[in-house]
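Trainee: This structure is in structure tokens; I'll ask about it shortly.
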Amino acid sequence: MRHILLFAAFIFLNASAHASSPDAWDALYKSTAHACLQKSGLKNSKVIEGPVLFAGDILYKIRGKWSQAHMQGKTGKVYCLHPYPNGEPEIVDAR
């Protein structure tokens with residue numbers, strides 16, 4: 001009986017641990033990076049570091065030009081933390 005329970009637990013744990021395909025990860029990275037670039041508020045923005053994958057979030061470092069007039073087009077850097085697979089990205093200044 002003990003062997004049957006161990007076998008059933010082994011099957012259950014392995015069945016729930018399916019890996020995503022590389023294409024699925026690429027699509028996730030592209031969609032989260034796009035959302036972060038949009039949310040950053042920077043002009044001519046691009047990802048300069050990342051993705052850094054956490055348990056439920058993806059982190060990017062983004063560089064671009066500040067869009068506010070008082071910033072006079074200076075270059076700015078921000079971090080974007082995006083919950084995945086969906087969620088609203090959060091932006092903070094990178095100092």
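None of the figures in this text is laboratory data; all of them are computed from the coordinates on show. These numbers come from a predicted model, not from an experiment. Counting neighbours? That spans all protein chains shown, and the Cβs are built from the backbone with ideal geometry, glycine included.
Trainee: Considering 43, 65, which residue is basic (Lys, Arg) and in contact with a helix residue (DSSP H, G or I) (Cβ under 9 Å, 6 or more places away or on another chain)?
Mentor: Working: 43 fails: in contact with a helix residue (DSSP H, G or I) (Cβ under 9 Å, 6 or more places away or on another chain).
On inspection, the qualifying residue turns out to be 65.
Trainee: Still on this model: Collect the residues in region 82-95 that are in contact with a Leu (Cβ under 9 Å, 6 or more places away or on another chain) and either among the aliphatic types (A, V, I, L, M) or part of a loop (DSSP other than H, G, I, E, B) (or both), keeping them in residue-number order.
Mentor: Start the filter on region 82-95 by keeping residues that are in contact with a Leu (Cβ under 9 Å, 6 or more places away or on another chain), which leaves 82, 84-85, 89-92.
Listed by number, the residues that qualify are 84, 85, 89, 91, 92.
Trainee: Quick check on my filter: what residues within region 69-87 are polar (S, T, N, Q) and within 27 Å of residue 31 (Cβ to Cβ)? Can you show your working first?
Mentor: Of all residues in region 69-87, those polar (S, T, N, Q) come to 72, 75, 86.
Matches in region 69-87: 75, 86.
Conditions (1) in contact with a strand residue (DSSP E or B) (Cβ under 7 Å, 6 or more places away or on another chain); (2) within 21 Å of residue 95 (Cβ to Cβ); (3) part of a helix (DSSP H, G or I), marked per residue:
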site	(1), (2), (3)
29	yes, no, yes
33	yes, no, yes
38	no, no, yes
46	yes, yes, no
49	yes, yes, no
60	yes, yes, no
65	yes, yes, no
70	no, yes, yes
80	yes, yes, no
